[in-house]
Amino acid sequence: MRHFLIACAASIAFSASIQVKALTTDEKVDALLAKMTLEEKAGQLNQYSGYEIITGDIDVSKISHRNLLVKKGLVGSVLNVLGTKDVEKAQRYAVEETRLGIPLMFAFDVIHGYRTIFPIPLAESASWDLEAMERSARIAAIEASAAGQNWTFAPMVDISHDPRWGRVMEGAGEDPYLGSQIAKARVRGFQGNDLSLPDTIAATAKHFAAYGEVIAGRDYNNVDISRRKLWETHLPPFKAALDEGVRSFMNAFNEFEGVPSSANTYLVTDILRDQWGYSGVVVSDWDSFGAMVTSGVAVDDAEAAEMSLEAGSDIDMESDVFVNFLPQLVRDGRVDEAKIDEAVRRILQMKFELGLFDDPYRYIDSEREKALILAPEHREAARDMARKSVVLLKNDDQLLPLDKNIKDIAVIGPLADNQFHMNGFWRGKGEAEDVVTLLDGIKAKVSSNTRVRYAEGSGLESVDKKQLRKAVKLAKKSDVVILAVGEDADKTGESASRTNIELYPAQQELVKAIHETGTPVVMVLMNGRPLAIEWSSENIPSILNGWLLGSEAGNALADVLFGDYNPSGKLTMTVPRNTGQIPIFYNTKRVSRPLDNTRYTSKYIDSPIEPLYPFGYGLSYTEFSYSSITLSTESISFDEVLTASVTVTNSGERFGEEVVQLYIQDMVGSVVRPVKELKGFEKIALKPGQSEKVTFTIGVDDLAFYTRDMSFKAESGEFKLFVGSSSEDLQALSFKLTAK
Ligand code: NOJ
């Protein structure tokens with residue numbers, strides 16, 4: 001009732017100032033815009049962070065001043081104001097105390113869950129299960145919106161070939177095709193079909209563009225790539241998100257061709273708005289407008305504001321430059337007010353679509369908040385997503401799955417019983433206390449006759465002899481060791497780049513010491529990026545890439561370890577042998593001196609060039625056999641398609657899922673072409689003995705690329721088509737594309 005009254009008051013205040021009935025949204029927006037002062041317009045472009053989670057430098061004493069600005073209508077949206085209580089407070093300021101009563105939007109980095117935490121996005125991508133990822137985003141949206149949010153800064157769709165860069169945890173790996181499919185699934189999940197519903201939230205494709213190319217993997221560093229690389233590798237997932245209706249874009253921190261993304265007219269206006277026809281909002285990254293003064297592209301904040309607006313960016317997150325300088329810039333004749341109007345229009349349009357003008361308190365319902373946050377069905381979905389994300393890297397002599405009746409199990413490692421780190425970076429409002437650890441998951445899974453004992457063994461980055469001795473002693477008297485090592489939550493994510501992606505020396509010492517006991521070891525790697533575990537890969541019999549899996553981490557891992565779930569994940573980022581191989585990725589272009597046994601070839605003299613584990617790789621507890629490929633024809637013209645079929649049989653003894661992958665290679669092109677590129681995949685589920693025919697259809701669109709003059713088209717000639725279970729385990733056939 002109270003909400004209803006407030007809503008009525010708000011809409012009366014609003015409709016008292018302008019007649020909105022029976023107008024189109026565009027007309028309503030225009031009518032409102034006509035009432036706004038220049039200051040109020042600049043205010044709509046201004047976004048501040050609340051006080052809960054601060055992701056940049058903020059002066060806490062400014063908080064009450066900020067509330068004042070909200071009350072003056074000088075703030076259009078906020079981030080990090082969480083929970084219905086605080087959201088309602090801020091919304092009341094905006095709706096009841098400002099002249100025009102324009103509601104705020106509430107944004108948050110809901111990256112892999114709000115309170116029920118799902119696996120980190122890189123882990124989820126390894127499931128290759130688009131429906132599951134859509135569901136994960138859907139649940140994140142349900143919980144976030146129940147806590148008052150209506151906008152998430154996700155999905156991050158940056159492609160990266162550099163696991164030194166901590167932010168790879170937030171993306172979908174190295175491949176633009178897979179990344180595009182996942183971008184779409186996540187946008188669908190967050191936004192649903194109708195943004196005005198109280199359980200859908202606006203998504204953001206970020207960071208536009210090419211942030212995954214930061215030099216040497218160092219966060220916030222510069223990027224220096226060609227337009228070709230931009231279009232081939234980085235733009236496809238953004239375009240895919242846009243095609244799926246993503247409601248906002250975020251500028252990247254990096255420059256492109258020397259111009260910071262926020263002020264990059266080529267990126268924001270030429271590509272996004274003009275070529276792609278995007279009519280929505282572009283929000284800066286944290287202080288990325290103001291930061292142009294720091295990087296020496298703008299002489300002062302006023303110029304930074306001028307450049308950002310001119311380039312087509314709309315919302316200033318946390319640098320104050322729009323609200324402080326735009327009105328004066330207009331009065332000085334440096335900025336055209338019409339340009340500000342365009343940006344305000346886009347923001348008001350988004351608020352209308354979110355339903356905020358119908359009911360500014362639409363997302364504020366404490367009953368929903370209580371009922372939905374951490375709901376049991378959300379946890380169940382998180383467990384399902386988590387086990388689908390696990391990748392079985394190695395399983396000598398079928399050590400896995402383990403028998404639930406084993407007598408003595410040692411659970412060892414600094415991450416084996418740590419609740420906090422399982423939530424990973426960007427953990428939303430996830431709480432450590434909600435997490436099931438590996439140790440707890442195992443205890444809940446095994447028979448009542450099994451003894452499960454735990455020793456930490458080492459710290460994350462340090463080890464003392466006593467700790468280590470205790471773990472070794474335990475390993476010696478156990479039948480099997482489950483060893484949880486890797487990196488903690490804050491070693492990936494924003495501002496968490498590493499120069500060495502091997503196990504920390506303390507943990508490496510632990511792994512070696514436990515291995516020396518002779519007790520069989522199952523390593524559960526917990527990681528936010530691919531880790532170069534060459535020694536373990538050579539010496540440890542079974543290895544699960546277990547990521548940071550969120551609230552249900554321990555249960556999901558136990559499901560996999562003890563065979564209640566047969567692992568089906570496949571890597572979406574190549575795992576290097578060592579840091580020196582980076583950047584390493586499967587769809588590399590052909591080189592003029594391929595590897596052979598002579599000296600002058602493209603190789604290293606101190607390491608193989610092959611990765612430790614390739615893109616698309618992941619084992620199962622069962623075996624899948626592939627029939628040979630059947631092509632419908634060996635030659636197609638530009639308006640024809642061909643099909644490639646393969647029959648996959650589960651020739652093992654357990655139910656299992658397989659990701660059947662299709663790659664294509666263009667044998668000769670007007671520019672150097674990749675050795676292979678993923679063009680399709682299908683995840684199938686087979687009972688023992690069961691077969692399924694998988695058919696891929698290939699047409700000219702799948703063969704098109706940016707040719708020498710940068711036009712996107714296919715060129716006639718010979719192609720290779722590969723089908724198989726990883727980017728390295730493939731059969732190949734050839735076909736031709738002919739001019740007629
Ligand atoms: C900086 C990050 O780069 C961006 O991804 C995030 O959305 C903002 N901070 C807001 O937290």
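The values are calculated or read from the model by the stated rules, or taken from the named source; none is laboratory data. Everything numeric in this text was worked out from a predicted model, so none of it was measured. Note that we place each Cβ from the backbone using ideal geometry, even for glycine, and neighbour counts take in every protein chain shown. In case anyone asks, the SASA skips ligands and DNA or RNA and just uses the protein heavy atoms, side chains included. Shrake-Rupley method; radii C 1.70, N 1.55, O 1.52, S 1.80 Å.
What to note about this one:
- Sulfur and carbon atoms: percent of accessible area, the stretch 280-382 [1.4 Å]: 46
- Annotation: for a label point projected 7 angstrom from Cα along Cα→Cβ of residue 653, residues of the stretch 400-440 with backbone N closer than 19 Å are 400-406.
- Looking at the stretch 586-656, the GluC sites (Glu not before Pro) that sit in a DSSP loop and have at most 14 other Cβ atoms within 10 Å of their own Cβ are 634, 640, 653.
- Principal semi-axes in Å for the stretch 249-370 [√(5λ), Cα gyration tensor, largest first]: 27, 16, 16
- Per residue, the chain reaches -9000 deg cm²/dmol at 222 nm when only DSSP H runs of four or more residues are counted, each adding -39500 (n - 2.57).
- Exposure of residue 387 as accessible area (Å², to 10), given a probe of 1.4 Å and all protein chains: 50
- More than 19 Å apart - percent of Cα-Cα pairs taken over the stretch 207-287: 30
- Accessible-area order (highest first, 1.4 angstrom probe) of the listed residues 626, 363: 626, 363
- Cα-projected label distance for residue 635 with residue 433, points at 7 Å along beta-carbon direction, nm: 7.2
- Between helix 321-331 and the chain there is an angle of about 40 degrees, using the helix long axis and the longest principal axis of the Cα atoms.
- Dipole magnitude of the stretch 412-554 about its Cα centre (Cβ charges: Lys, Arg +1; Asp, Glu -1), debye to nearest 20: 620
- Rounded to 10°, Cα long-axis angle of helix 337-353 versus longest principal axis of the chain: 60
- Computed over the alpha-carbon atoms, the stretch 341-442 gives an Rg to Rh ratio of 1.19, Rh here being the Kirkwood radius from the mean inverse distance.
- Of all DSSP-defined beta bridges confined to the stretch 185-297, some 25% are antiparallel rather than parallel.
- Label zone at residue 462 (point 7 Å along Cα-to-Cβ), backbone N below 17 Å, the stretch 497-533: 504-510
- Against the rule of thumb 2.2 N^0.38 Å, how large the Cα Rg of the stretch 50-89 comes out: 1.15
- Taking the three principal axes of the alpha carbon atoms in the stretch 642-700, the coordinate ranges are 48, 20, 13 Å, sorted in descending order.
- Once Rg and the Kirkwood radius are both taken over the C-alpha atoms of the stretch 666-740, their ratio Rg/Rh works out to 1.05.
- Sparse-neighbour loop sites [GluC sites (Glu not before Pro); the stretch 146-251; at most 13 other C-beta within 10 Å; DSSP]: none
- Relative to the longest principal axis of the Cα atoms of the chain, the long axis of helix 301-311 makes an angle of roughly 80 degrees.
- Restricting the calculation to Cα atoms, the chain shows an Rg/Rh of 0.99 when the hydrodynamic-style radius is the Kirkwood one.
- Cα centre as origin, Lys/Arg/Asp/Glu Cβ charges: the chain dipole, Debye: 1320
- Reach of residue 465 by Cα under 29 Å, taken over lysines that are not fewer than 8 positions away in the same chain: 407, 443, 473, 476, 477, 491, 512
- Computed over the stretch 117-237, the alpha-carbon pair-distance distribution with 10 angstrom bins reads 15, 44, 30, 11, 0, each value a whole percent.
- Backbone geometry of the stretch 510-526 corresponds, through the Karplus equation with coefficients 6.51, -1.76 and 1.60 at θ = phi - 60°, to 3J(HN,Hα) couplings of 4, 4, 5, 5, 5, 4, 5, 5, x, 6, x, 10, 9, 8, 10, 7, 10 Hz, x marking Gly and Pro.
- Å² of accessible area per residue within the chain, as computed with a 1.4 Å probe and no ligands counted: 37
- Within the assembled protein chains, the solvent-accessible surface assigned to residue 588 is about 60 Å², based on a 1.4 Å probe.
- Checking the cross-link pairs 85/445; 72/239; 589/736 against a 28 Å limit on the alpha carbon distance flags 85/445; 72/239 as lying beyond it.
- Volume in Å³ per residue [convex hull over Cα atoms, computed for the stretch 382-581]: 113
- Charge dipole (debye, nearest 20) of the stretch 624-738; +1 at Cβ of Lys and Arg, -1 at Cβ of Asp and Glu: 120
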